[in-house]
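A quick write-up on the structure given underneath.
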Amino acid sequence: MEERFADIIVDISHEKLDRTFQYIIPEGLEGKIKIGSCVNIPFGKGNRLRKGYVTGIGSKAKYAPEKLKGIAGVEENGIDAEAGCIALAAWMREQYGSTMITALKTVLPVRRKIKGIEKKSCKLLIPVQEARLLLEKCTNKKQTARARLLAELIRMGELPMPLITGKLHVSAQTVKSLEKQGVLAVLSENSYRNPVKISKKTDDARMESYGAKKALSHGQQEIASRILEDFDYGKRDTCLIHGITGSGKTEVYLAIIEEMVKRGRQAIFLIPEIALTYQTLLRFYARFGDRVSVMNSTLSQGEKYDQWERAKKGEIDVMIGPRSALFTPFPRLGAIIIDEEHENTYKSESMPKYHARETAEKIASMHQAVVVLGSATPSLEAYYRAKSGQYRLYELQKRQGGGELPAVYTVDLREELKQGNRSIFSRKLHGLLKDRLEKKEQSILFLNRRGYAGFVSCRACGHVMKCPHCDVSLSEHMGGKLVCHYCGYEHPAVKNCPECGSKYILGFRAGTQQIEEALHKEFPEARVLRMDADSTRTKDSYEEILNAFANEEADILLGTQMIVKGHDFPNVTLVGILAADLSLHINDYRAGERTFQLLTQAAGRAGRGRRAGEVVIQTYDPEHYSIVHAASQDYKGFYEEEMMYREMLLYPPAAHMLAVLVASPKEEEGSKLAKEIGILLKGNWPVIGPAPASVGKIQDIYRFMIYVKHKDYGQLIEAKNAVESFLDEREETGRAGKEAVQFDFDPMGAY
């Protein structure tokens with residue numbers, strides 16, 4: 001029977017429209033519409049043309065055919081969503097909570113066709129001897145532009161148009177005139193934008209070492225071989241590689257990907273930070289050449305579209321990038337590798353709040369691919385699943401090349417203060433920094449902070465300068481201005497306390513810029529590079545800073561979390577961790593885990609070359625188990641102690657948690673809705689709250705939280721579905737206001 005009707009999801013992200021609408025497929029579009037097609041449809045009372053995606057096609061009308069509208073046409077510049085994308089979006093909508101169109105937009109990071117780059121050139125058509133006669137004629141007539149062009153075409157045969165109009169200064173009119181005479185032909189071809197830019201100046205010397213295929217150790221070879229053998233036998237279990245820092249996990253990844261490419265498969269390689277893209281890209285580019293590409297938020301829309309098209313056509317084998325690269329449309333995907341899988345950047349902060357780990361597993365199951373996770377400090381979720389048999393666990397306990405883990409010193413800052421040292425640098429760290437400068441070795445200083453200073457408070461009355469729109473303190477930046485890191489609100493510097501008038505109102509100074517000033521004061525001869533959110537705002541700033549440090553153009557690299565994630569600098573023999581416990585006392589059940597991971601990863605940057613490394617951890621809480629285990633690089637000891645607390649309190653991964661966020665511009669309305677949802681849930685599930693969020697107001701929006709815990713993830717999906725049904729009922733009965741509700745499964749941070 002003829003298929004004349006299409007179910008379409010409208011491109012409007014609103015809960016009220018989170019369903020499909022049926023349309024007639026007009027005769028002129030029959031055969032052109034398929035599942036996933038991007039179409040234009042008349043929508044609403046005014047029949048305004050809207051974009052939508054076809055999610056189903058059938059021969060039966062759900063309503064009287066005369067009441068149905070027809071599809072207006074296929075969206076010429078739209079990207080079609082393949083059937084697999086529709087299925088994945090539906091799964092994400094169910095697993096994480098969002099509207100279907102929002103989920104579909106997530107799995108389609110490229111949704112619009114971008115016109116390709118057209119490369120034009122001029123080719124000489126007439127014989128050279130005839131061209132020389134014409135050149136002589138043009139020279140005699142003082143037709144200098146024609147003469148310049150002919151002379152170069154005689155010499156080269158063909159010239160790119162930018163060279164003709166730019167270097168030779170020949171106008172397009174002159175070219176057109178010669179074309180009409182049949183002297184030359186203007187050739188045109190489309191080409192892809194290439195985001196992979198390898199700097200000749202900085203990388204030629206290093207490319208050879210990156211491209212050299214390193215012999216795998218017995219342990220590395222065994223892991224790669226077993227994963228590939230299981231793949232060939234049809235066993236596609238998720239694998240976790242737990243390897244200490246510097247153990248050569250990347251070489252294992254490269255070996256797996258190389259074999260996947262030989263099998264005619266493609267691979268996605270996820271990294272947690274854009275800052276890691278360039279160094280990772282060098283290693284992959286040296287091995288796989290231009291069959292490697294990148295996908296991240298710094299690319300232009302044109303670059304993203306071209307990489308999407310190249311992937312769909314199978315013109316590249318490996319895609320590298322952060323979370324969004326997961327949705328690369330490879331036709332024969334073989335492996336998804338997630339490096340530093342413990343990083344919280346793999347969890348989306350916007351709806352749907354998916355985690356790359358579980359989403360990768362779903363994508364892999366759809367493509368019969370394998371997922372490989374790797375980390376020196378695996379997330380408790382991944383290690384818990386490996387210990388329980390859900391994942392295959394592989395371990396690398398030795399550093400590549402036989403190097404040793406660095407020596408770690410823990411410095412109690414309370415004792416430093418008692419002995420009169422008020423400097424940012426402990427005496428131990430100061431002495432080692434001086435030693436490294438003398439030896440021409442490099443150092444990394446890591447601070448888990450952002451900006452020039454922390455909160456600004458009055459030492460007389462205790463008043464804290466707060467954002468009027470968010471329930472958070474303002475941070476002091478260079479130039480004295482106070483900035484809100486949530487909404488961007490700025491306030492001029494204050495000299496006197498607005499509450500009591502005291503002049504003793506100061507910032508808690510522990511920011512990267514202030515530490516950079518202290519370094520220049522203590523070590524004026526040191527070359528210092530700073531890498532934080534403020535110094536990496538431009539597109540190429542990550543690469544520029546990392547390149548300069550890798551080329552030993554600086555002695556000290558100072559920065560926040562982004563400098564301790566996966567970088568490999570052989571000449572770094574000292575890592576200083578300043579205020580190690582700043583991340584310990586935040587309102588988040590993962591604080592201990594995050595601190596352990598950060599410290600262990602930071603320590604792992606030292607001694608990765610031939611020379612031994614040393615690490616100084618500066619802390620006010622040296623007895624805390626996270627710091628003790630990080631200092632001894634004891635992951636298993638930390639895991640056992642942390643899991644004991646998680647099991648006692650039923651926190652992930654011992655149980656699962658659903659966070660329900662209610663946001664409203666009116667405090668009373670938000671509180672009322674949160675209470676109603678709380679009452680609904682408490683009848684069937686264990687519930688914490690409702691209560692104001694830890695940051696109770698952001699940009700004048702009040703926030704309330706409800707938490708649901710359960711060992712069965714499916715029970716939390718049912719709880720989410722119950723809330724969605726309740727919200728739909730409020731909408732239908734006209735009780736809904738401007739409140740918004742978001743869901744977050746196993747949240748990565750405090751609300």
inquiry  = Looking only at region 239-272, count every residue that is farther than 20 Å from residue 346 by Cα and either part of a strand (DSSP E or B) or among the acidic types (Asp, Glu) (or both) and tell me the total.
reply    = 4
query = For region 44-59, how many residues are farther than 24 Å from residue 87 by Cα and touching a residue at least 12 places away in the same chain (Cβ under 8 Å)?
reply = 2
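For region 588-638, enumerate the residues that are part of a helix (DSSP H, G or I), small (Gly, Ala, Ser), crowded, with 17+ Cβ neighbours inside 10 Å and more than 27 Å from the chain's Cα centre (by Cα). Walk me through it before giving the result.
Looking only at region 588-638, we keep the residues that are part of a helix (DSSP H, G or I), and these are 591-603, 625-631, 635-638.
This time we only want the ones that are small (Gly, Ala, Ser), so: 591-592, 602-603, 626, 630-631, 637.
Those still in the list that are crowded, with 17+ Cβ neighbours inside 10 Å too: 591-592, 602-603, 626, 630-631.
Correct list: 631 only.
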query = Which numbered condition trips up residue 22, out of (1) surrounded by 13 or more Cβ atoms within 10 Å (Cβ to Cβ); (2) in contact with a helix residue (DSSP H, G or I) (Cβ under 9 Å, 6 or more places away or on another chain)?
reply = (2)
inquiry  = Take the conditions in the same structural domain as residue 639 (by TED's automatic domain parsing), surrounded by fewer than 21 Cβ atoms within 10 Å (Cβ to Cβ) and either aliphatic (A, V, I, L, M) or at pLDDT below 90 (or both) and apply them to residue 574. Does it pass?
reply    = no
inquiry  = Any residue in region 6-35 that is under 17 Å from residue 75 (Cα atoms) and in the same structural domain as residue 87 (by TED's automatic domain parsing) sitting within a Cβ distance under 9 Å of a residue that is among the aliphatic types (A, V, I, L, M) and at pLDDT below 85? List the pairs, counting only those 6 or more apart or interchain.
reply    = 9/17; 10/17; 34/83; 35/81; 35/83
query = Using beta carbons and a limit of 6 Å, which pairs, at least six apart or on different chains, have the first residue in region 331-356 and not assigned by TED's automatic domain parsing to the domain that holds residue 254 and the second one of a type in the set (S, T, N, Q) and in a helix (DSSP H, G or I)?
reply = none
request  = Of the conditions (1) modelled with pLDDT of 95 or more; (2) surrounded by fewer than 20 Cβ atoms within 10 Å (Cβ to Cβ); (3) among the small types (Gly, Ala, Ser), residue 664 clears all except one; give me its number.
outcome  = (2)
ask   = Going through region 154-170 one residue at a time, which ones are loosely packed, with under 13 Cβ neighbours inside 10 Å and under 41 Å from the mean Cα position of the chain (by Cα)?
value = 162, 166, 167
task = Search region 367-424 for residues being of a type in the set (Ser, Thr, Tyr) and outside any strand (DSSP E or B), and hand back the single one that is surrounded by the most Cβ atoms within 10 Å (Cβ to Cβ).
result = 377
task = Output the number of the condition that residue 310 fails; it satisfies all remaining conditions of (1) within 22 Å of residue 654 (Cα to Cα); (2) in contact with a Phe, Trp or Tyr (Cβ under 8 Å, 6 or more places away or on another chain); (3) not polar (S, T, N, Q).
result = (1)
query = Pairs under 9 Å by beta carbon, first residue in contact (Cβ under 8 Å) with a residue 40 or more places away in the chain in region 114-127, partner of a type in the set (Lys, Arg), six or more apart or different chains?
reply = 114/193; 114/304; 116/193; 117/193
task = Taking the options 76, 152, name whichever one is of a type in the set (Asp, Glu), without any contact (Cβ under 8 Å) to a residue 40 or more places away in the chain and outside any helix (DSSP H, G or I).
result = 76
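Can you tell me which residue among 36, 28 is at pLDDT below 90 and on the phi > 0 side of the Ramachandran plot? Break it down into steps so the answer makes sense when it comes.
Values: 28 fails: on the phi > 0 side of the Ramachandran plot.
None of the others qualify; the one that does is 36.
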query = So how many residues does region 594-626 have that are in contact with a helix residue (DSSP H, G or I) (Cβ under 6 Å, 6 or more places away or on another chain) and either over 19 Å from residue 429 (Cβ atoms) or not charged (D, E, K, R) (or both)?
reply = 13
task = Just give me the residues in region 123-149 being part of a loop (DSSP other than H, G, I, E, B) and of a type in the set (A, V, I, L, M, F, W, C), in sequence order.
result = 125, 126
ask   = For region 227-278, what are the residues that are over 24 Å from residue 575 (Cα atoms), hydroxyl-bearing (Ser, Thr, Tyr) and crowded, with 21+ Cβ neighbours inside 10 Å?
value = 238, 253
inquiry  = Just to verify a result, which residue in region 332-366, among those that are more than 27 Å from residue 261 (Cα to Cα) and part of a helix (DSSP H, G or I), is farthest from the chain's Cα centre (by Cα)?
reply    = 344
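Here is a check on your reading of the model: is residue 306 modelled with pLDDT of 90 or more and either more than 30 Å from residue 560 (Cα to Cα) or not polar (S, T, N, Q) (or both)?
So residue 306 does not fit the description; no.
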remark   = Across region 98-107, the tally of residues that are part of a loop (DSSP other than H, G, I, E, B) and over 21 Å from the mean Cα position of the chain (by Cα) stands at 1
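In region 218-234, how many residues are in a helix (DSSP H, G or I), closer than 15 Å to residue 368 by Cβ and without any contact (Cβ under 8 Å) to a residue 40 or more places away in the chain? Give the derivation first.
From region 218-234, those in a helix (DSSP H, G or I) are 218-232; that's our starting set.
Within this subset, residues satisfying the condition of being closer than 15 Å to residue 368 by Cβ are 227-228, 230-232.
Those left that are additionally without any contact (Cβ under 8 Å) to a residue 40 or more places away in the chain: 228, 232.
Number satisfying all stated conditions: 2.
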note = Inside region 171-209, the number of residues satisfying the requirement of being surrounded by 16 or more Cβ atoms within 10 Å (Cβ to Cβ), at pLDDT 90 or above and hydrophobic (A, V, I, L, M, F, W, C) is 4
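Residues 288, 284: which one is assigned by TED's automatic domain parsing to the domain that holds residue 232, at pLDDT below 90 and surrounded by 24 or more Cβ atoms within 10 Å (Cβ to Cβ)?
Values: 288 fails: surrounded by 24 or more Cβ atoms within 10 Å (Cβ to Cβ).
Only one candidate qualifies: 284.
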Residues satisfying the stated conditions in region 700-722, i.e. among the β-branched types (Val, Ile, Thr) and either surrounded by fewer than 21 Cβ atoms within 10 Å (Cβ to Cβ) or farther than 17 Å from residue 673 by Cβ (or both) = 701, 717
inquiry  = For region 434-519, give me every one of the strands (runs of 3 or more DSSP E) that falls completely inside it and has 2 or more residues that are modelled with pLDDT of 75 or more, of a type in the set (S, T, N, Q) and touching a Cys at 6+ places or on another chain (Cβ under 7 Å).
reply    = none
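The values are calculated or read from the model by the stated rules, or taken from the named source; none is laboratory data. This is a predicted model, so every value here is computed, not measured. Every residue, glycine among them, receives a Cβ derived from its backbone with ideal geometry; neighbour counts consider all protein chains shown.
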